[in-house]
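Since every read-out is calculated from the coordinates, none of them should be taken as a lab result. This is a predicted model, so every value here is computed, not measured. Note that we place each Cβ from the backbone using ideal geometry, even for glycine, and neighbour counts take in every protein chain shown.
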Amino acid sequence: MKIHEYQAKELFRKFNIPVARSGVAFSKEEALKISVGLGGFPVVVKAQIHAGGRGKGGGVKLAANPEQVLTIAEQFLGMTLVTHQTGSEGRIVRKVLVEAGQSIDKEYYLSLLVDRQTEKIVIMASQAGGIDIENVAEKTPEKIFKVYVDPLLGIQGYQMREVGFRLGFPAPAMKQLYGMLFNLYKFFVEYDASLVEINPLILTSGGTVLALDAKVDFDSNALYRHKDLLEFRDFGEEDPMEVDASRYSLNYINLDGNVGNIVNGAGLAMATMDIIKNAGATPANFMDVGGGASSEQVENAFRIILADPKVKAILINIFGGILRCDVFARGVVEAAKKTGVNIPVVVRMEGTNVEMGKQILAESGLNLTSASDLLDAAAKIAAAVN
Ligand code: GDP
Ligand code: MN
């Protein structure tokens, strides 16, 4: 689960990770009030969306006085911000962060993430921080270094010193950096984060270390033990169809092809997407209804996929184990009747109560094509859309 910069900074403060003074505003009047409360200009107005690249996209601006705060906030609120991370459709800005302006001496890059290969937490850092970090990663990756922290041992003093030295941090600011690294690591572990990215981490001309930006992603599977994070979820930033699916505990991811598919089990869903591709078509989604789906879940899965205008045909691939084929078939029939499905549907079903399931589908009066096996299903679905 991603959160906004202003929310991340709120959490940072609790962990004594230094950030500038700031406040979030939902209207230009609020923005003005916050800016005046910061006690001096310039301030920075930052569009809050779940995507980076805002600086380059025109979503971060300095305001030299209260009038400029009003103008910038008015411009930002409600606008569609397009950055290299949002895709061409962009994101609507619904809130802005108003932050005390900093005089920047140097910008660094610092992030923590889970490295699956080494099963460690990796600290990535660079002296070449700021809005061009993607360029740095692509053209001069040697400028980014990594320090691996064993989660059983936790972050060690020598590792913090390594980060400091390789960043070329000036000696007087070194202690601040260690404190920040220590607290960041603590935050990362305690909240089951999967990513914490600070770009830029700055050294101000006064010699203070600050997290000027904050991008945080949490492991959604661990949210049950962080109830305080749930209020940070912003449904406005998520795909509405994925939000809908999550209400019924369906594992759904919206993709850009035109073959909708409903499968039980993530592994089978991956395999199904592969065979769709192999047959020359492209999946419109990943939809795993789970091993023990109820007919209500099946119905909702069907409804969500049918509501997707890019879906031209649906492939249903079920291996009936815990989820029995008859339960599944009833869900499909209910959903198809309610939604009045008018696109081709290919069904491949095997397993527990398969005969009963097939009978339910056959007697439903619906126009469903039955497939004998996976390859047959793939060929039929490809023929339906091509
Ligand atoms: P991003 O582009 O979405 O990553 O947004 P950032 O929060 O990283 O802001 C982009 C850039 O705006 C930073 O790299 C800074 O150069 C600049 N910036 C942000 N806050 C300040 C500030 O207080 N003072 C100055 N001078 N520049 C700032
Ligand atoms: Mn940034």
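Distant-in-sequence amide contacts of residue 81, defined by a placed amide H-H separation under 5 Å and a gap of 5 or more residues or a different chain, comprise 91, 92, 93.
Distance from a point 7 Å along Cα→Cβ of residue 85 to each backbone N in the range 176-194: keep the residues under 17 Å and list them by number. Residues 193-194 fall inside that zone.
Listed values for the range 259-274 are Karplus-derived 3J(HN,Hα) couplings in whole Hz (6.51 cos²θ - 1.76 cosθ + 1.60, θ = phi - 60°), namely 9, x, 9, 10, 9, 10, x, 5, x, 5, 5, 4, 5, 5, 4, 4, and x replaces Gly and Pro.
Kindly give the semi-axes, whole Å and largest first, of the ellipsoid equivalent to the range 240-385, taking each as the square root of 5 times a Cα gyration tensor eigenvalue.
Values: eigenvalues 70, 60, 45 Å².
One finds semi-axes of 19, 17, 15 Å for the range 240-385.
So if R0 is 30 Å, what FRET efficiency would residue 359 and residue 282 give, r being the distance between their Cβ atoms, rounded to the nearest 0.05?
Values: r = 32 Å, r/R0 = 1.08.
With R0 = 30 Å, the Cβ-Cβ based efficiency is 0.40.
Ranked by the mean number of other Cβ atoms within 10 Å of their residues, highest first, the peptides 119-129, 368-378 come out as 119-129, 368-378. P(r) tail for the range 21-100: Cα pairs beyond 17 Å make up 36% of the total. Distance between the modelled labels on residue 337 and residue 118, one decimal in nanometres: 5.9 nm (7 Å Cα→Cβ projection). In this label model, residue 161 and residue 294 are separated by 5.9 nm, measuring between points 7 Å along each Cα→Cβ vector.
Stretching the chain fully between residue 21 and residue 104 yields a gain of 28.4 nm (0.36 nm per residue, less the alpha carbon separation). Applied to the range 172-185, the Karplus parametrisation 6.51 cos²θ - 1.76 cosθ + 1.60 on θ = phi - 60° returns per-residue 3J(HN,Hα) values of x, 9, 4, 4, 4, 5, 4, x, 5, 4, 4, 5, 5, 5 Hz, with x for Gly and Pro. With each label modelled as a point 7 angstrom along the Cα→C-beta vector, the residue 375-residue 137 pair spans 4.0 nm. Pairs over the 20 Å Cα-Cα cut-off, from the set 46/146; 186/227; 56/95; 14/227: 46/146. Backbone phi angles across the range 99-112, fed through the Karplus curve with coefficients 6.51, -1.76 and 1.60 (θ = phi - 60°), yield HN-Hα couplings of 10, 4, x, 10, 9, 8, 8, 8, 10, 10, 10, 8, 8, 10 Hz in residue order; Gly and Pro are listed as x. Comparing 310, 146, 215 in a Gaussian network model of the chain where C-alpha atoms under 10 Å apart are linked, the largest mean-square fluctuation is found at 310. With q set to 0.12, 0.16, 0.18 Å⁻¹, the log10 of I(q)/I(0) for the range 169-309, from the Debye formula over equal scatterers at the Cα positions, is -0.68, -0.92, -1.04. DSSP finds beta bridges in the range 147-286, and of those with both partners inside it, around 90 percent are antiparallel.
What is the ratio of the Cα radius of gyration of the chain to 2.2 N^0.38 Å, with N the residue count, to two decimals? List each step's numbers first, then the result.
Working: Rg = 25.4 Å, N = 386, 2.2 N^0.38 = 21.2 Å.
The value comes to 1.20.
For residue 241 and residue 192, a Förster radius of 22 Å and the Cβ-Cβ distance give a FRET efficiency of 0.25, rounded to the nearest 0.05.
How far, in nm, would the chain grow between residue 208 and residue 352 when pulled straight, counting 0.36 nm per residue and subtracting the alpha carbon separation?
Answer, rounded to one decimal: 45.3 nm.
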